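First up is the structure itself, then whatever we jot down about it.
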Amino acid sequence: ARKQAGFPFYGSDIELQTTYILENLKKTFEAAGSSLDHVVKAQVFLTDLANFHGFDTVWKRYFKLPPPRTTIGCTGLLVADTLVEIDLIGAKN
């Protein structure tokens, strides 16, 4: 998630980016006839593990019963200024 003028979410950068990504993933899963309730595996990449609390605060809003998740610290992601990357695998309803 990159910062953009008029970015529609509020909060810290990590919370903004996490919300933006999870909202897009939610729409993608729904368009495929599924939902975030059917996520069976998640991989999360954070460029700074100090952002884990902000990320996890948003994550818990989307997953009442979290799927198995691996969180990995990394030195950078493909898109500059990106703080988080989320990879989900889900099942169809």
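The values are calculated or read from the model by the stated rules, or taken from the named source; none is laboratory data. These numbers were taken from a predicted model, which means no experiment stands behind them. Heads up, the Cβs are rebuilt from the backbone with ideal geometry, glycines too, and the neighbour counts pull from every protein chain shown.
Looking across the stretch 39-67, the residues that are under 14 Å from the mean Cα position of the chain (by Cα) and either part of a loop (DSSP other than H, G, I, E, B) or of a type in the set (Gly, Ala, Ser) (or both) come down to Ala42, Thr47, Gly54, Phe63, Pro66, Pro67.
Taken over the stretch 1-38, the criterion of being over 11 Å from the mean Cα position of the chain (by Cα) and at pLDDT 90 or above is satisfied by Lys27, Thr28, Phe29, Glu30, Ala31, Ala32, Gly33, Ser34, Ser35, Leu36, Asp37, His38.
Within the stretch 76-93, no residue satisfies the criterion of being modelled with pLDDT of 90 or more, exposed (fewer than 12 other Cβ atoms within 10 Å of the Cβ) and more than 20 Å from His38 (Cα to Cα). Looking across Thr75, Thr82, one residue alone is part of a loop (DSSP other than H, G, I, E, B), touching a Ser or Thr at 6+ places or on another chain (Cβ under 8 Å), β-branched (Val, Ile, Thr) and within 17 Å of Ile21 (Cα to Cα). It is Thr82. Among the residues of the stretch 21-65, those that are aromatic (Phe, Trp, Tyr) and either surrounded by fewer than 19 Cβ atoms within 10 Å (Cβ to Cβ) or more than 12 Å from Leu83 (Cβ to Cβ) (or both) comprise Phe29, Phe45, Phe52, Trp59, Tyr62, Phe63.
So which residues in the stretch 15-38 are in contact with a helix residue (DSSP H, G or I) (Cβ under 8 Å, 6 or more places away or on another chain) and part of a helix (DSSP H, G or I), if there are any at all? Matches in the stretch 15-38: Glu15, Thr18, Thr19, Leu22, Leu25, Lys26, Phe29, Leu36, His38.
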